[in-house]
Amino acid sequence: MSMLQFVNPGFLWLALLGILPPLIHLLGRRKPRRLRFPPFEFVRRCEEKSRSRRRLRSMLLLVLRTLLLVFVPLAIARPFLAAPAAAQGTGFALQVVILDNSMSASQAAGGETALDRMKQRAREIASATSPANRFVLATAANPPALVTPFPAASPDLAREAIGSVKPTYASTSIGGAVGLARGLVEAAAPQSAKGYLLSDLARHAFREAEDLSIGLGDERVSFEIFDPVPNPGQNLSLVSAEVRGTAEGVRITATIANHSRAAAGTEIKVSIAGAALRPAAVEVPARGTAEAVFETAHDRRSPVFAEVALHPDALTQDNVLPFARPPGRETAVLLVNGDPRTVSHADETFYFERALSAGGEGAFVVMSTFPEALPDDLSRFDAIALLNCGPFATAAATRLDEFVRGGGGLLVSAGDHTDPASHNAMGWLPARFPQSASANAAPGLLVPAAGHPALSPFAGGAEGLGVVKITRRFELVPAPGAQVFLETADGRPLSAAGRHGDGRVIVFGSSLDRDWGDWPIRPSYLPAMGAFVKYLSRGREAWETYELRVGEKRVLKIEACPATLRAAGGNPEPQELQCRAENGGAVATVSGPPEPGLYEITTPAGRTAYLVVRTDPAESDLEKTPREEVEAALGIKGRSALRSLVGFGANEGSGPALWSWVLLAIVLVLGAEQWVTRRG
């Protein structure tokens, strides 16, 4: 037998207001006094005829007004007929809860977090779910996931699943969680369903014109929205931290963003290798940024492992920013002068040496020598430049071979004294020289290999290279596996890079002074030479730093496989990365760890790359999405006005809805009451 149930039974007590009309009627009755007045005897006789009619009208009005006061709370309570579980079969009701556990859900909400309040609300929904019905929970932290095993028939299982939801540093994917729920509703085909969106409604969580509605037959599932923090607190976050070397040590510049609509002040702390610097106070304008600068003594030859922290605010997860900087030690470069001159500006090394001297902050230590005076010990140098050199003795060629194999860098440039035979005899250069050089008429240099690290200053565009005139050059023949990163205007290789052992080699097919071109007097020469040497320098290659967001996937170039990932300074078991050989090296696929911090990537050669994992900056902005936009996305305001009014097709109950008929009865009672009143 069907049972009468109510969606909102708490409103039923208002039906007691129905006793007011009879009570007022009884208390307002007065016994009339009888006075005999003969001239009005004929009026009395007429009154006796109409008294019964007035009494009937009064009784009708009393009944209608009593029913009106009973029907209104009854309609608000929304009655429906619920079939017993045995008769329902598969016609269960489904409660779908979307729970936002992204980083912004960890914002403070009184003495707890927004996520704590959302989990409490989810427990209340689970407790109110009948054992005959089903409860499903999907989390909205990226990537979204179904937490409850479907179908979760037991409220105890649902509460256990809710308790397992943990705060994360991930970004928000409300759309992804709704997509999971949408597919589940379609597959389960429940008799009815109701959705609950438990979210802080931060603007970053909702895309413009996104459809978050869930269909059920010809209807949309109705949603209830729960916002645990209607008025979020003030939040500041660390956007970036930049480290530069100085004459005395390092300078750290931290950028802070204010995501609130009022200016705010905060205290910033910096620690390097665990040693704290003096804190600094900074004022950040509303919806703006500010910088704080710290300078400290530090050995530039040592790496920098540091952390910047803000004073706690509404969201503390974005108040700490780790970063790392490779060793900033000076790069030792040996220039081998193959064409010395008595006039300084005509010397082979003149322009190259001055380009390195202008590299800034004493980045290079430069020494010069001649081919016949090549030092026996080359290990104290990071890179060697052979500038327009002739034949080498066998012993010198052997020392160069060992130097590059051990991780050193070698730059070979051409000129009038270049001996192609002796260079080609080395056998490991990334390009071979033809027997003679040739003239080059077309001005300009081309960059076929965009993004090559030897041309890092030109990553944003190579316009400065288009005006360079190369009047003479060797038409290089690239070796297998070499990468040509510069060409002449006619598309012929001018410069190639490759590896030899652990070292790197660049061959440049023209001169790097003014004998065969005007590049040394062009603005692009200075940054290009510095980039060449930095690319070749084994000090530069000691380790690299990569940045990644929590949960982000990225492919990184490494030296060799296998490669492992582990937290820097921590003891967790290292995670082996997906790795494959490619172009003489290897690439590894890294998925951003679930927590921000500093991580190490180690290869078999013992080289280490550092991975700085940071949070999504969008999660720091706690500004709300207008509730009307969220309701429109969920389809709450998309149903027809009539259906929203009377509730046809409502999904709240697990049986036929009756409250729409109660509303119809109210309309009829009001109409009857008006008709009776006017007839009186």
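Odds and ends about this structure:
- Selected residue (only one of Ala346, Ala396, Ala373 is among the small types (Gly, Ala, Ser), open to solvent by less than 20 Å² (accessible area, probe 1.4 Å), farther than 30 Å from Val250 by Cα and assigned by TED's automatic domain parsing to the domain that holds Ser524): Ala396
- Restricting attention to the stretch 189-232, the residues that are among the hydrophobic types (A, V, I, L, M, F, W, C), open to solvent by 40 Å² or more (accessible area, probe 1.4 Å) and within 26 Å of the chain's Cα centre (by Cα) total 2.
- Strands (runs of 3 or more DSSP E) (entirely within the stretch 235-289) containing at least 1 residues that are open to solvent by 20 Å² or more (accessible area, probe 1.4 Å) and in contact (Cβ under 8 Å) with a residue 40 or more places away in the chain: 236-245, 249-258, 264-272
- Residue within the stretch 322-330 that is of a type in the set (A, V, I, L, M, F, W, C) and at pLDDT 85 or above present: no
- Ala414 vs. criteria more than 48 Å from the chain's Cα centre (by Cα) and over 23 Å from Asp502 (Cβ atoms): yes
Here's the yes/no breakdown for (1) at pLDDT 90 or above; (2) in the same structural domain as Leu536 (by TED's automatic domain parsing):
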residue: His259; (1), (2): yes, no
residue: Ala286; (1), (2): yes, no
residue: Thr342; (1), (2): no, yes
residue: Phe350; (1), (2): yes, yes
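- Qualifying strands (runs of 3 or more DSSP E) (wholly inside the stretch 380-494; at least 1 residues being more than 23 Å from Thr331 (Cβ to Cβ)): 483-488
- Matching option when the condition is at pLDDT below 90 and of a type outside the set (Asp, Glu), among Phe433, Phe370: Phe370
- The stretch 184-197: number of residues that are closer than 13 Å to Val136 by Cβ and not β-branched (Val, Ile, Thr): 9
- Qualifying residue in the stretch 465-478 (condition: among the basic types (Lys, Arg), open to solvent by less than 30 Å² (accessible area, probe 1.4 Å) and in the same structural domain as Leu526 (by TED's automatic domain parsing)): yes
- Every pair of residues 6+ apart whose Cβ atoms lie under 7 Å, when the first sits in the stretch 421-436 and is open to solvent by 70 Å² or more (accessible area, probe 1.4 Å) while the second is among the polar types (S, T, N, Q): Arg432/Asn424
- Residues of the stretch 413-456 that turn out to be of a type in the set (Phe, Trp, Tyr) and in contact with a strand residue (DSSP E or B) (Cβ under 7 Å, 6 or more places away or on another chain), as a count: 1
- Unmet criterion (only one of (1) touching a residue at least 60 places away in the same chain (Cβ under 8 Å); (2) touching a Ser or Thr at 6+ places or on another chain (Cβ under 8 Å)) for Lys166: (2)
The values are calculated or read from the model by the stated rules, or taken from the named source; none is laboratory data. Note that the structure is predicted; figures quoted are calculated from it, not measured. Note that we place each Cβ from the backbone using ideal geometry, even for glycine, and neighbour counts take in every protein chain shown. Accessible surface is based on the protein model in full, side chains and every heavy atom, while ligands, DNA and RNA are left aside. Shrake-Rupley method; radii C 1.70, N 1.55, O 1.52, S 1.80 Å.
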